[in-house]
There are 2 protein chains.
Amino acid sequence: MTHPLIDALRPLLGDAHVLVPGALPDTELTPYQQDWRKRYNGRALAVVRPGTTGEVAAVVKLARAHGVSVVPQGGNTGLVGGGVPDDSGTQLLLSLRRMQKVRHLDAANLTLTVEAGCVLQQVQDTARQAGLLFPLSLAAEGSCTIGGNLSTNAGGTQVLRYGNARELCLGLEVVTAEGEIWDGLSGLRKDNTGYDLRDLFIGAEGTLGIITAATLKLFPQPRARMTALAACASLSATVALLGMAQSRCGASLTGFEVMNAQSLALVAKHFPQLAQPLGARPWTVLLELSDNEGESHAREQFEGVLSQALEDGVIDDAAVAESLSQSQAMWHLRESIPLAQSEEGLNIKHDIALPVSRIPDFVAACDGLLAERFPGSRLVNFGHLGDGNLHYNVQSPAGVSAAEFLKTHEAAVNAVVYDQVMAHGGSISAEHGIGQLKREELAQRKSPVALALMRQIKQALDPRGLLNPNRVV
Amino acid sequence: MTHPLIDALRPLLGDAHVLVPGALPDTELTPYQQDWRKRYNGRALAVVRPGTTGEVAAVVKLARAHGVSVVPQGGNTGLVGGGVPDDSGTQLLLSLRRMQKVRHLDAANLTLTVEAGCVLQQVQDTARQAGLLFPLSLAAEGSCTIGGNLSTNAGGTQVLRYGNARELCLGLEVVTAEGEIWDGLSGLRKDNTGYDLRDLFIGAEGTLGIITAATLKLFPQPRARMTALAACASLSATVALLGMAQSRCGASLTGFEVMNAQSLALVAKHFPQLAQPLGARPWTVLLELSDNEGESHAREQFEGVLSQALEDGVIDDAAVAESLSQSQAMWHLRESIPLAQSEEGLNIKHDIALPVSRIPDFVAACDGLLAERFPGSRLVNFGHLGDGNLHYNVQSPAGVSAAEFLKTHEAAVNAVVYDQVMAHGGSISAEHGIGQLKREELAQRKSPVALALMRQIKQALDPRGLLNPNRVV
C-alpha cells in the first residue's frame with residue numbers, strides 16, 4: 001500500500017520507523033493497533049516512530065499537509081481506548097516510545113527532564129539513583145510512558161500525598177496541531193506569565209497537542225516506608241480513620257486504600273497462597289507512611305493512630321508490617337484484586353471519584369439499587385479512599401456467565417452507577433480518562449457549559465480536528 | 001451621565017450597587033478606579049457590585065449586548081494593574097466584594113466552598129474555626145479576596161509545602177464571556193473528565209471568565225509551628241541549607257525565606273526597634289516548620305538540621321525561636337522589608353522565579369552587571385528561596401533621588417534583570433501576574449508559540465474581547 005504521506009515519511013524517519021500494515025506481518029503492528037485489553041482493534045494508515053521532537057513536529061506538519069489525522073501513543077497501557085487508531089486505515093499512529101532520553105536531572109532544584117517515551121519505571125529509577133523520589137506509581141509502571149501518564153493525568157497509589165501526574169509536572173515540551181514546538185520545559189515552581197498551557201495539555205489525551213518531553217518534580221527519598229492493615233466494620237469507619245490518620249500524620253500518610261470483603265474474598269479464592277493477616281472483614285484498609293526520620297518513628301506514628309482508633313471503636317483490629325517484606329505482602333494483597341477479578345471473569349468496571357465525605361452514602365445507595373435490580377451481582381469495591389477514588393466493579397452473580405451478564409446488563413448497570421455518582425457530586429472518570437470508552441457518556445453527563453468550553457478550546461487549538469479525533473470531546 | 005447599559009443595570013442590581021462617576025463624589029469611586037499603590041488611575045463607565053452569581057451573569061450578558069467591556073475586581077490589592085479600568089470611561093468595573101458567602105465546609109472531605117469576594121483572612125478564619133488550615137498566606141490577606149487570589153494564582157509564604165493558589169483549588173464556578181454560568185465546584189481530588197478548565201481560569205486575571213466561587217483544599221492544622229533564623233556566608237550556602245532541610249524535614253518544612261544584608265540593613269534603619277538576633281550577615285534565612293506532633297518534636301527537628309549545617313560549615317550561626325512571640329518576631333523582620341523599602345523611597349521591583357539551582361549564578365551575574373552599569377545602586381534581594389522566587393529590587397544609590405533614578409534608569413534596569421532572568425531559565429513574573437504592567441514585556445519575552453496559543457485561547461473563549469481587555473495577552 002502506498003500513500004503520498006508514507007512516501008514523504010520514509011526519508012524523514014527511515015524505513016525502519018514507518019510501519020505499514022499489509023507490508024508487514026500483522027503481529028508487528030498489533031502492539032500499536034490494539035489496546036492491551038484487546039477491547040479496541042484499529043487499523044492505521046501507518047505506524048511512525050519518530051526519535052526526536054523535531055521529527056515529531058515534522059511528522060505532524062506532513063500529516064497536516066496531507067489532511068491525515070494523528071493518534072499519539074505512549075506505552076499503550078490505557079484503559080479507555082484513547083491511544084489506538086480507529087479501524088478506518090486512514091490515521092497515522094505516532095508512537096513516542098523511541099523518545100527515551102533523560103535530558104537533565106537537577107538535584108538542587110529537585111527536577112528531572114525526560115522525554116515522553118521514557119517508561120515510568122525508568123523515570124522512578126533515574127530519580128532513585130540520585131537519592132531522590134519521583135512518586136508517581138501505578139500498576140502499569142513497567143510499561144506505561146511518562147508522556148502517556150501526563151496525557152491522561154494518571155493517578156495511582158501516591159496521590160494522597162503527592163497529587164496526580166498533573167501536580168508532579170512543572171513544564172512541558174509540546175508539538176502543536178500546526179507542527180510547532182512549544183518549549184515550556186520550565187523547572188520553575190512559580191510562573192505567572194500568562195495562561196496555564198501546561199495544564200491544558202495535561203489530561204487532554206493528545207487531542208490538543210503531543211507531549212514530547214516534561215520537567216517533573218522530585219522529592220527527597222523518605223528514610224522509611226511502612227505499611228499497616230486495619231479492619232473496619234463500615235465504610236463510615238474507614239472515612240473516620242482517614243481523618244484521624246491525616247490529622248496525626250499529615251503529609252507522612254502516603255497511602256490509604258480500602259478493600260471490601262468481596263475484593264479480598266476473590267483474592268483468597270484465586271491466590272490462596274497470599275496471607276490475609278486480618279482475615280475476612282467488611283472493610284480492610286491499607287495505610288502507608290513515608291517517614292523522613294526512620295522506621296522507629298514511623299512505627300511510633302502508626303501505633304499512636306491505630307491504638308487511638310481501636311480505643312475509639314473506629315477499627316476492630318490492626319496489623320503493622322514488621323519488615324519490608326511484610327509491607328510488600330500487604331501491597332501485594334491490594335494489587336492482586338484486579339488480577340483476581342480477571343481470573344473470576346469479565347466485570348463491569350467503574351473508575352469513579354466522589355467527595356470522601358459522601359462515599360459511604362454513595363456506596364449504600366448504589367449497592368442497594370444494584371442488589372435490587374441485579375440480584376446476586378457481586379460488588380468488588382476497592383480503591384484509593386484517601387483521594388475519593390473507588391474502583392467500583394460489578395461482577396456477575398456466582399454461577400452466571402460473566403460474558404452473558406455483561407452483554408445483557410452492562411449499559412443498565414452503568415446507568416445506575418453513573419446516576420448515583422452524579423447525584424453524589426462525583427466524577428465518572430477519576431484517573432483513567434475518557435478516550436473512546438466514555439466519550440458518549442461524558443457528552444451526556446458533563447454540563448453543557450463545560451462541554452461548550454471544551455469544544456471551543458479544541459476548535460481553537462486544532463481547528464481541522466487532526467489530533468486524536470473523536471476522543472474526549 | 002446616562003448610558004443605556006446603566007439604565008438597564010439599575011433595576012437589575014438596585015441603585016446602590018451601580019456607582020456612576022460624575023453622579024457621585026470621586027472619593028466613593030477611587031477605591032475601585034485606582035490601584036492601592038496609586039500607579040494606575042482609571043475611569044469607569046460605572047462600577048457595579050452584583051451580589052450573586054446570577055447577577056454577575058446578568059451583568060455580563062447586558063454588557064455584552066451593549067458591547068461594553070468588563071473589568072472584574074476583587075480586593076484591589078494587585079501589583080500589576082490588572083483589576084482597575086482604563087481611563088476611557090467606557091469600561092464596566094465589576095466588583096465581586098459583595099459576594100462573601102461561605103457556602104459549604106466539608107470537614108471529612110477537607111474542602112471549603114466560598115464565594116469570590118470572601119477576604120482571604122475570612123477564608124483562613126473559617127477553616128481555623130473548624131480546626132483546619134487553609135494555608136494560602138500573603139501580605140495583603142486582610143483585604144485581598146479569594147477570587148483575586150485565584151485569578152492571579154497568588155503565591156505567598158507557604159508555597160514550598162502547599163503550592164500556589166492553583167494547587168489549593170479543586171473546583172470553580174465561573175461566569176463565561178457569554179454570561180453563562182459554569183458550575184465546576186467539585187470537591188474532587190481526581191477528575192479526568194475532559195480538559196482542565198479550572199486551571200485555565202486560574203491565573204487568567206479575569207480575561208477568560210469571571211471566577212464567582214471556588215472549592216478550596218483544607219489541611220489538618222499542624223500541632224506546632226516553629227521558626228528559626230540561620231546565617232549563611234553565601235547564597236550557595238542557603239541553597240545547600242534548603243536541600244538539607246528538605247531532606248530531613250520533608251513536608252514539615254513550610255517556609256524558607258532568604259534576606260540579603262541590604263534588606264535587613266534597611267529594616268534596621270527604619271525599624272530599629274526590631275531585634276535582629278543574628279546581627280548583620282551576608283544572608284539570613286528564615287526557616288519555618290509545621291509539625292503534626294508538637295513543639296518538642298519540631299525543636300528536635302530544627303536542632304538536628306541546624307547542628308548538622310553548622311558542623312558542615314553550611315551556616316555560621318542560628319537561632320531557634322523559644323516562643324510563639326519570638327517566631328512572630330522573626331516573621332515580622334521578614335515582612336518589614338517591603339515596608340522599610342517604601343520608607344527608603346521608590347524602587348524598581350522584580351518578582352522573578354528561577355530554578356533554585358541557578359539562583360546563585362543569576363544573582364552573581366545580575367548583581368555584577370547592575371553594579372557596573374548603575375554604580376552605587378542598592379540591591380534589596382529577598383524572597384521565597386524554597387520556591388525559587390526572589391523579590392529582586394533595585395534601590396537608587398544612597399543620596400540619589402529615588403524618583404529621578406527610576407525615571408532615568410527603570411527601563412534599562414529592567415532590561416538587565418529580565419535578560420539575566422531569561423538567560424538563567426527563569427520567569428519575569430513569579431507570583432504577581434502580568435496585568436497592564438508586564439503585558440508588553442511578556443509579548444517580548446514569551447515564546448511566539450506560547451503567545452500564539454494564548455491568543456487562540458483568548459479568541460476562542462472571548463471572541464469579542466470584552467473581558468478585561470488589554471491585560472495579559
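Nothing in this text is a laboratory measurement; each read-out follows from the coordinates by a stated rule. Predicted, not measured: the structure shown is a model, and the values here were computed from it. Note: ideal-geometry Cβ built from the backbone for every residue, glycine included; neighbour counts use all protein chains shown.
Below is a table of values for the structure above.
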item: Using alpha-carbon coordinates, inclination of helix B:4-13 to the longest axis of chain B, degrees; result: 70 degrees
item: Lys, Arg +1 and Asp, Glu -1 on Cβ, resulting dipole of chain A about Cα centre, debye, nearest 20; result: 940 debye
item: Inter-centroid distance (Cα atoms) of region A:8-73 relative to region A:225-268, Å; result: 44 Å
item: Rg/Rg_globular for the protein assembly as shown, with Rg_globular taken as 2.2 N^0.38 Å and Rg from C-alpha atoms; result: 0.95
item: Spatial separation of Cα centroids for region A:94-158 and region B:167-211, in angstrom; result: 28 Å
item: Cα-based equivalent ellipsoid of chain B: semi-axis lengths in Å, sorted from largest, via gyration tensor; result: 39, 27, 20
item: Two-decimal log10 I(q)/I(0) for region B:1-103, as the Debye equation yields it once each C-alpha is a single scatterer, q = 0.14, 0.19 Å⁻¹; result: -0.48, -0.89
item: Three-way shape label, region B:311-367, alpha-carbon gyration tensor, a/c 1.5; result: oblate
item: Cβ charges +1 (Lys, Arg) and -1 (Asp, Glu), total dipole of region A:224-338, debye; result: 420 debye
item: Region A:102-220: antiparallel DSSP beta bridges as a percent of all, rounded to 5; result: 95 percent
item: Mean separation of Cα contacts under 8 Å (6+ apart) over length of chain A, as relative contact order %; result: 14 percent
item: Cβ-based exposure ranking for B:W283, A:W331, B:W182, in which fewest neighbours within 10 Å come first; result: A:W331, B:W182, B:W283
item: Fraction of antiparallel bridges per DSSP, the protein assembly as shown only, in percent to nearest 5; result: 85 percent
item: Which of B:E335, B:E440 has the fewest Cβ neighbours within 10 Å, and the rest in rising order; result: B:E440, B:E335
item: Whole-percent pair-distance distribution, where bins are 10 Å wide, for the alpha carbons of region A:102-220; result: 15, 51, 30, 4
item: Estimated dipole of the protein assembly as shown in Debye, rounded to 20 [Cβ of Lys and Arg +1, of Asp and Glu -1, Cα centre]; result: 1780 debye
item: Cα centroid separation - region B:303-377 against region A:361-421, whole Å; result: 57 Å
item: Residues in region A:391-415 that a label on A:A365 would reach, taking backbone N under 20 Å of a point 7 Å out along Cα→Cβ; result: A:391-394, A:412-415
item: Rounded, prolate or oblate (a/c below 1.5 giving rounded, otherwise prolate when a/b exceeds b/c) for region A:329-425 by Cα gyration tensor; result: oblate
item: Nitroxide proxy distance, nm - points 7 Å out along Cα→Cβ at B:S325 and A:L324; result: 5.0 nm
item: Set of aspartates and glutamates with alpha-carbon distance to A:K269 below 14 Å, sequence-local pairs under 8 removed; result: A:E343, A:E344
item: Residue-averaged [θ]222 nm for chain A, counting only DSSP H segments that reach four residues, each worth -39500 (n - 2.57); result: -11500 deg cm²/dmol
item: Peptide A:250-258, shielding by other chains (average Cβ, 10 Å cutoff); result: 3
item: Which of A:Y392, A:Y418 has the fewest Cβ neighbours within 10 Å, and the rest in rising order; result: A:Y418, A:Y392
item: Residue (of B:L160, B:G179, B:T254) at the positive-pole extreme of chain B, dipole from beta-carbon charges; result: B:G179
item: Folded to 0 to 90 degrees: helix A:295-311 orientation relative to chain A principal axis, Cα; result: 60 degrees
item: Globularity index of region A:274-332, i.e. its alpha-carbon radius of gyration over 2.2 N^0.38 Å; result: 1.16
item: Karplus (6.51, -1.76, 1.60) ³J(HN,Hα), θ = phi - 60°, over region A:374-380, in Hz, Gly and Pro reported as x; result: 10, x, x, 4, 9, 9, 9
item: Angle between chain A longest axis and helix A:53-65 axis [Cα atoms, degrees, rounded to 10]; result: 60 degrees
item: Flagged links, alpha-carbon separation over 25 Å, of A:K190/B:K217; A:K217/A:K446; A:K446/B:K217; A:K38/A:K438; A:K407/A:K438; B:K438/B:K458; result: A:K217/A:K446
item: Extent along principal axes [Cα atoms of region B:212-341; Å; largest to smallest]; result: 45, 41, 27
item: Amide H partners (placed H, <5 Å) of B:T254, local residues excluded; result: B:E288, B:L289, B:S290
item: Set of aspartates and glutamates with alpha-carbon distance to B:K61 below 19 Å, sequence-local pairs under 8 removed; result: B:D7, B:D15, B:E173, B:E178, B:E180, B:D183, B:D462
item: Per-pair calculated FRET efficiency, R0 = 45 Å: A:R10 and B:K101 via Cβ, rounded to 0.05; result: 0.10
